[in-house]
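Worksheet: one structure, shown below.
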Amino acid sequence: MADEIGALIAEAETMGLFKPHGAFEVHCVHCHARLDGRGDCATCGLIGRSSAELAQRAKTDPSGTTALLRGAIEKRKRYKPVGREKASER
């Protein structure tokens, strides 16, 4: 399980998913959607915590951490910025 979490963290890092936010920030720096209470973005998959914090969390909650990382990676893969399709058609 630790190897799987390590691989997921590495993939998330290559996608730029880790962007810790300050408590006062309410919008995603990537897509500008509203962040949830943990600083995570439901739209593009941005994770508002550091990879080190998630690695620490994985020690006590490996299945929850795996689910969080998989969900964030899938959201980022599905994310398509609004307006990009129209710009490419011009």
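Here are a few things to note about the model shown:
- Here Ala55, Ala67 are screened, and the one residue that is at pLDDT 90 or above, over 12 Å from the mean Cα position of the chain (by Cα) and among the hydrophobic types (A, V, I, L, M, F, W, C) is Ala55.
- A single entry from Thr66, Thr43 fulfils the requirement of being surrounded by 14 or more Cβ atoms within 10 Å (Cβ to Cβ), touching a strand residue (DSSP E or B) at 6+ places or on another chain (Cβ under 9 Å) and of a type in the set (S, T, N, Q): Thr43.
- Among the residues of segment 1-13, the one identified as surrounded by fewer than 15 Cβ atoms within 10 Å (Cβ to Cβ) and within 11 Å of the chain's Cα centre (by Cα) is Glu13.
- Per the listing Arg57, Arg49, the residue uniquely out of contact with any Leu (no Cβ under 7 Å at 6 or more places or on another chain), within 23 Å of Tyr79 (Cβ to Cβ) and basic (Lys, Arg) is Arg49.
- Where Glu74 falls short, out of the listed (1) more than 10 Å from the chain's Cα centre (by Cα); (2) surrounded by fewer than 18 Cβ atoms within 10 Å (Cβ to Cβ): (1)
- Residues in segment 20-38 that are at pLDDT 90 or above, surrounded by 17 or more Cβ atoms within 10 Å (Cβ to Cβ) and farther than 16 Å from Arg78 by Cβ: Leu35 only.
- Enumerated helices (runs of 4 or more DSSP H) restricted to the chain, each holding at least 3 residues that are touching a residue at least 24 places away in the same chain (Cβ under 8 Å): 2-14, 51-60, 62-78
The values are calculated or read from the model by the stated rules, or taken from the named source; none is laboratory data. Given the structure is predicted, the values throughout are model-derived calculations rather than measurements. Quick reminder, even Gly has a Cβ in these numbers, built from the backbone with ideal geometry, and neighbours come from all protein chains shown.
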